[in-house]
There are 2 protein chains.
Amino acid sequence: MPAIDTVRIQLPDNRTYQIRIGSGLLDEAASWQALPRAAAAVIVTNDTVAPLYAERLQAQLRAVYARVDLVVLPDGEQHKDWASLNRICDHLLGEALDRKTVLFALGGGVIGDMTGFAAAIYMRGVPFVQVPTTLLAQVDSSVGGKTAINHPLGKNMLGAFYQPERVIADLDTLDTLPDRELRAGLAEVIKYGPIADAGFLCWIEDNLEALLSRDKAVLGYAVRRSCEIKADVVGQDEREQGLRAILNFGHTLGHAIESGLGYGAWLHGEAVACGMVLAADLSHRMGLMPVEFVTRLRTLIERAGLPAVPPRLGSDRYLQLMRVDKKAEAGAIRFVLIEALGRAGLHAVPDTLITQLLADHGAA
Amino acid sequence: MPAIDTVRIQLPDNRTYQIRIGSGLLDEAASWQALPRAAAAVIVTNDTVAPLYAERLQAQLRAVYARVDLVVLPDGEQHKDWASLNRICDHLLGEALDRKTVLFALGGGVIGDMTGFAAAIYMRGVPFVQVPTTLLAQVDSSVGGKTAINHPLGKNMLGAFYQPERVIADLDTLDTLPDRELRAGLAEVIKYGPIADAGFLCWIEDNLEALLSRDKAVLGYAVRRSCEIKADVVGQDEREQGLRAILNFGHTLGHAIESGLGYGAWLHGEAVACGMVLAADLSHRMGLMPVEFVTRLRTLIERAGLPAVPPRLGSDRYLQLMRVDKKAEAGAIRFVLIEALGRAGLHAVPDTLITQLLADHGAA
């Protein structure tokens, strides 16, 4: 059996949970033991992941829960909405499942965010477990308790801070991940370098080919280091009063791309990758970073097969979309900018500078 | 100026807020000072309350916030749903209001529950203030941080524990309350006697006529004492791990009546009143209370002009509806029963006993 890495999230009020990272965890009985007791478990997944892993998870959970239901939602960011959330709630209520029922989010970030939000609001809160099956979910969205759905006017605009009981990141599930999704996940891995760990950025640059060829040990390290950084940040600032915002490097413009093109056109990681290139450039234009950093990050993004050129939505549309960003305050658009390699902060940026940036990148 | 009573809610992590109770509070500048600073405030109310009080609240808030919006929802329990919740969210996002925006819930329990839930989920949480204008909201629903919407399959099934910044209970707003709503509010006042304070039950019996004739001093005491009891319970058990469930005396059957007849047919307080009569009888049948208590409570409910006879939905329908109650666990229906005057607890009750009870009350 391969080694299992464990990263611990430590929150206020002695709340704590484990992220377990390793191969074969899905079929490991220990992964599912010592969770909250209940009469029923409900696996929420999508129609892509269900045929691959639902039966195996169900088999494991049947050893723990008398009843294990399955809710299968349509796959894709365009389905991260009220309608899908309602399908989860309709199932729970239709089956009269009680408030001890444990939900299991089996899938990528969309499934994790929606299942977590359903768990947060069903009967004002039931326990849930994250079982991320995409790189993006394993390194980012399954960790830290941000749950949400999209609104036509803005990404992740309705949601809750609600922590899972545990995160089980089985590296073997990445074997079935489409190449495009693997690359999208790498965007969030790359993110952790500039904002928190210059050494990790170098490591990613050195190991990019191994990551792209799915070397399990290299992927395992990327997941673990990403989770460590995220755990550290979330432990200091669960509800994004300050520090946590740095995890949104590349996301201000990224979310605008996703909303602006229609959810699902670009993958979240693709939009974030492109957003990071522009945020790096903004960091340079604001006098925080040398131009070499912009080139370095763009090169890495391009090597990872991720987009570095934003879609041409027009400046006005971009500004309008970014103004509903959760970080915005009283109309001023705020970006996470890199202040030094491994350190980021939130900065209000004048509209004129953003317009210029968008024009120079062919997006205006 | 009449005296202002202040009741303080004390929660874990040093979270605390005030309930201010008195006449004239709506037009009092002090009511709206020292709240979270923001560029915008949004008053959420309904089409009955808006013409009565919205302008006065807007005038007060304009002294504090640069912008004060108004969202007017249709009145009634039947509108406590996703659609109304979405109207609040659509307004907030449509106007690109940021996550410091303060929401003000101006109205009864439906408005308070929905506005609180919208505040809980908009950008994962914005501050809100309760401005209850019904007796029911002043004595119960505006206090303690339970927020929710209804689902066709169950009352208050989707929601969050989310505390307001402050509660402003202006007794003068009760002047415009329809008689039927005043009586419905009295049901929740009566509730506090059997579950927590035998002396308060006697006081209500002695002062019922003064309450029904809207004697301001007597109403003021009823609101204050109700809030004190609720604050005490909620302070010990914010998230209903145990004790807090006693506040749901009469609600198991009450919620079934509301769902079963269609939301809005009976007022919430009416359904709770009837539910208390049956829960009192159950307390007797379970050997906890003498039959005299059942008669005493029924007499008081009837004196208050509240219904004591449940609608004839049929036993099977009642059992089905009560099985989705949030207190239910693994299929067993649990009732809040009175164990002694001023003391209540949660008890699993066999289906056969419930069926017999419903038959004896003409509801089967």
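Nothing in this text is a laboratory measurement; each read-out follows from the coordinates by a stated rule. Keep in mind the model is a prediction, meaning the values are calculated, not measured. Cβ placement follows ideal geometry from the backbone for every residue including glycine, while neighbour counts extend to all protein chains displayed.
Helix B:216-236 axis versus longest C-alpha principal axis of chain B: approximately 80°, rounded to the nearest ten. Ranked by how many other Cβ atoms sit within 10 Å of their own Cβ, fewest first, the residues A:255, A:268, A:361 fall in the order A:361, A:255, A:268.
For chain B, the longest piece that avoids every one of the trypsin sites (Lys or Arg not before Pro) found in DSSP loops with at most 16 other C-beta atoms within 10 Å covers B:101-213. Per-residue shielding of A:156-165, expressed as the average number of other chain Cβ atoms within 10 Å of the residue Cβ, stands at 4. Annotation for residue B:353, label-to-label distances across the other copies: 6.9 nm (shortest first, one decimal, point 7 Å from Cα along Cα→Cβ). Taking every DSSP beta bridge that has both ends in the protein assembly as shown, the antiparallel portion is near 45%. The ellipsoid equivalent to the alpha-carbon distribution of the protein assembly as shown has semi-axes of 49, 31, 19 angstrom, derived from the gyration tensor eigenvalues as √(5λ) and listed largest first.
Each residue, residue A:175 and residue A:59, gets one label point 7 Å from its Cα in the Cβ direction; the gap between the two is 1.4 nm. Position residue B:24: other-copy label points at 7.7 nm, ordered by increasing distance, label point 7 Å along Cα→C-beta. The GluC sites (Glu not before Pro) of segment B:55-103 that meet both conditions, a loop assignment by DSSP and at most 16 other Cβ atoms within 10 Å of the site Cβ, are B:95. Only beta bridges with both residues in segment B:5-176 are counted; by DSSP, about 35 percent of them are antiparallel.
Here the label points at residue B:86 and residue A:90, each 7 Å from Cα along the C-beta direction, are separated by 1.3 nm in the simple model. Does anyone have the angle between helix B:109-121 and the longest principal axis of chain B? Alpha-carbon axes, 0 to 90°, nearest 10? Value to nearest ten degrees: 60. Per-residue shielding of B:323-333, expressed as the average number of other chain Cβ atoms within 10 Å of the residue Cβ, stands at 4. Compute the angle between helix A:351-360 and the longest alpha-carbon principal axis of chain A, please, reported from 0 to 90 degrees and rounded to the nearest 10. Approximately 90 degrees, to the nearest 10. Rounded if a/c is under 1.5, else prolate if a/b beats b/c, else oblate: with a ≥ b ≥ c from the C-alpha gyration tensor eigenvalues square-rooted, which is segment A:5-174? Rounded is the answer for segment A:5-174, as its axis ratio a/c remains below 1.5.
Averaged over peptide A:95-102, how many Cβ atoms belonging to another chain are found within 10 Å of each residue's Cβ? Whole-number average of other-chain Cβ neighbours for A:95-102 is 5. Taken as Cα centroids, segment B:14-65 and segment B:114-154 sit 15 Å apart, rounded to the nearest whole angstrom. Remark: B:84, A:23 ranked as A:23, B:84, counting other beta-carbon atoms within 10 Å and listing the fewest first.
Which value in deg cm²/dmol, rounded to the nearest 500, describes the helix-derived mean residue ellipticity at 222 nm for the protein assembly as shown, given -39,500 (n - 2.57) per DSSP H run of n ≥ 4 and division by the residue count? So the helix-based figure for the protein assembly as shown works out to -13000 deg cm²/dmol. Computed over chain B, the Cα gyration tensor eigenvalues convert (square root of 5λ each) into semi-axes of 33, 22, 18 Å, ordered from largest to smallest. Ranked from shortest, the separations from the 7 Å Cα-to-Cβ label point of residue A:52 to its equivalents in the other copies are 5.7 nm.
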